[in-house]
Amino acid sequence: MAVFSKSKRKAQVSLRDCVACGCCVKACPMAAIRIVKGVFAEVDATKCVGCGRCVKECPAAVVAIAEVPA
Amino acid sequence: MKKNWYDNLWIVSLIYLLLGFFNILFAWAGLFCFFIPLVVSVAGGGKIYCNRYCGRGQLFALFGGRFGLSRKKNPPKFLKSRWFRYGFLIFFFTMFFLMLWNTWLVFAGARELRQVVKLLWTFKLPWHWAYHAASVKPWVAQFAFGFYSVMLTSTVLGFITMLLFKPRSWCVYCPIGTMTQLICKAKCGKM
């Protein structure tokens, strides 16, 4: 019997190290990321599909894909 | 994805860099790249300049991304550390004010105009072919040479980090980006 995971993959930003360049915003196909007040990038978990494009694009390597409870 | 007019601002950056090879006085136009991001962030626009309108960032994205010149590796930890970003900001502006001081010396007649572009704050490249003007005062030209040195140096640095790491690695330690983020942090009390 197959076991289905109840977690989902979502992008997470390290707020402390984010330089708010906006590269992830441009890369996101779901428009799930925005820059908050010019300080850090914020991921809308309801829109994020965990594709990881933002991870590839982030020049500061502060975005990661993490398993979160569904 | 829909393309907007501001996605083509890399053309402006490229033209700016090329014009400096023909007439150094065009370097003055680079002041827009200095002041617009700062004014926008002070006025409450956040880092919208970096996020949308930075032609230089777009240029790196184009060469590193579409043209495939970037290794697309994560940068070393030191590059994104705060001490490096803030340290580079201080160093960059120290050199910038030194350039202003040299302009002042030419203005005051204490020094003659030097028709060179200083690359990476070290290498003096002869650039006399781009200076045709007896029509402007020497200090105006001196500032242009100095400012173009700043712009060319930052482009070269950005290009090197684009090749070695991700296309827009320059954005991580760009002094203007660091400063606008500091302004934004100060405005929302997150210093």
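Restricting attention to the stretch B:105-128, does a residue exist that is in contact with a Leu (Cβ under 8 Å, 6 or more places away or on another chain), in a helix (DSSP H, G or I) and within 11 Å of chain A (Cβ to nearest Cβ)?
No: zero hits.
Condition (residue is in a helix (DSSP H, G or I), under 30 Å from residue B:107 (Cα atoms) and under 10 Å from the mean Cα position of the chain (by Cα)) applied to the stretch B:177-184: is it met by at least one residue?
Scanning the stretch B:177-184, I find no residue that is in a helix (DSSP H, G or I), under 30 Å from residue B:107 (Cα atoms) and under 10 Å from the mean Cα position of the chain (by Cα), so the answer is no.
Yes/no per residue for (1) within 25 Å of residue B:126 (Cβ to Cβ); (2) within 11 Å of chain A (Cβ to nearest Cβ); (3) crowded, with 16+ Cβ neighbours inside 10 Å:
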residue	(1), (2), (3)
B:24	yes, no, yes
B:35	no, no, no
B:40	no, yes, yes
B:59	no, no, yes
B:73	no, yes, no
B:79	no, yes, yes
B:85	no, yes, yes
B:93	no, no, no
B:102	yes, no, yes
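Return a yes/no flag: does the stretch B:156-164 have any residue that is more than 14 Å from chain A (Cβ to nearest Cβ) and open to solvent by 60 Å² or more (accessible area, probe 1.4 Å).
Taking every residue of the stretch B:156-164 in turn, none turns out to be more than 14 Å from chain A (Cβ to nearest Cβ) and open to solvent by 60 Å² or more (accessible area, probe 1.4 Å).
Filter the stretch A:37-64 down to the residues that are touching a strand residue (DSSP E or B) at 6+ places or on another chain (Cβ under 9 Å), hydrophobic (A, V, I, L, M, F, W, C) and either facing chain B (nearest Cβ under 8 Å) or over 22 Å from residue B:172 (Cα atoms) (or both) and list them by number.
Hits for the stretch A:37-64 are A:45, A:48, A:49, A:51, A:58, A:62.
The values are calculated or read from the model by the stated rules, or taken from the named source; none is laboratory data. Just so you know, these numbers come straight off a predicted model, no measurement behind them. Heads up, the Cβs are rebuilt from the backbone with ideal geometry, glycines too, and the neighbour counts pull from every protein chain shown. Calculation scope for accessible area: heavy atoms of the full protein, side chains included, ligands and nucleic acids excluded. Shrake-Rupley method; radii C 1.70, N 1.55, O 1.52, S 1.80 Å.
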